[in-house]
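One structure is given here, and the rest of the page talks about it.
Bear in mind that the values in this text are calculations on the coordinates, not laboratory data. Note that the structure is predicted; figures quoted are calculated from it, not measured. Every residue, glycine among them, receives a Cβ derived from its backbone with ideal geometry; neighbour counts consider all protein chains shown.
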Amino acid sequence: MAKRGTRKKKRFSATSLPVLSPKTIKQGRAKQLGRREAPLRRKKDSALNKLVRAWGFSHYIALLLLMAGIAALVFLFTDAEFQTQTPAISGNSYLNDEQILQQADLAGRNIYAIDPQRASRRLMTFLPQVKEARVSLALPNRVAIHVVERQPVLIYRQGNKILWADEEGRLFPAVGDRADLPQLIDEDGSASTDGEHLAPGVGQAVQILATTLPGVSEFHHRQVYGLFFISPEGWRVYLGDGDEMQRKLATWQAIRQRLLRENRPVKTVDLRYDNVYVQ
């Protein structure tokens, strides 16, 4: 009996110390928690690895595609095969090729860097002689320019400045001598308000006068009188603005015949108003 009690006491005293130790308790709990969380960590690690591997592959493909695109662009924009030659020009009669080439500024440029519409607008902006322009491209390096020139219908003079005007009244630099065209002499700059266009109705009125009045090809403009011309008899005929030009011309024909019959001295004939004034 004494031995059994002694064994129990020894067993109790031998095992109670580590069991009640705080460090032992803490380590035991950590081991238990570790065993519980290990499967969860493995699951999470497995899903994360899959996600990393999936994103890594797609990013790798995207990077390859990006590098291939950059290489293709570098090739297209730097290879000499795509550098444009001297453009072929058509449609010009009085404009020379050098003027068009200088303003177009297309020779030697990469064909992929050319905007045809922008080049066309540039030609029409910087070459007032050009009414329309069309720039076309063809691979690998061909450029063609077709222009439609403004056709002059009269010569505009102001001082030493000589310009041409088309049927729309657009003024542009004269090229060569056109003795077949009527002339408009702007004595005080009032026939053109901006130096680029004739005043409304003036150009059309000069065309009507030039085709209706035989022997008269020179017309004048001054703000106070409007349009006027010198008749073959040496009379100054005032017409005012370009309105009702057909009626004024019919009146002129009638009054001229009457004045010639009367054989009276005349200096001016004023047709600007309903009542004709003769001086």
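By other beta-carbon atoms within 10 Å, ranking D194, D186 with the fewest at the front produces D194, D186. A cut-off of 5 Å between modelled amide H atoms, ignoring neighbours fewer than 5 places along the same chain, links N92 with V147.
Checking the a/c ratio against 1.5 first, then a/b against b/c, what shape does the Cα gyration tensor give for region 82-149? In terms of gyration-tensor shape, prolate. Footprinting exposure proxy ranking of I230, I111, I145, fewest other C-beta atoms within 10 angstrom first, gives I230, I111, I145. Close amide H contacts of L154 (hydrogens built in the peptide plane, cut-off under 5 Å, sequence separation of 5 or more or a different chain): A165. Straightening the chain between Y112 and H146 buys 10.3 nm, computed as 0.36 nm per residue apart minus the Cα-Cα spacing.
With neighbour counts taken as other beta-carbon atoms within 10 Å, the residues K131, K248, K267, K161 rank, fewest first, as K267, K161, K131, K248.
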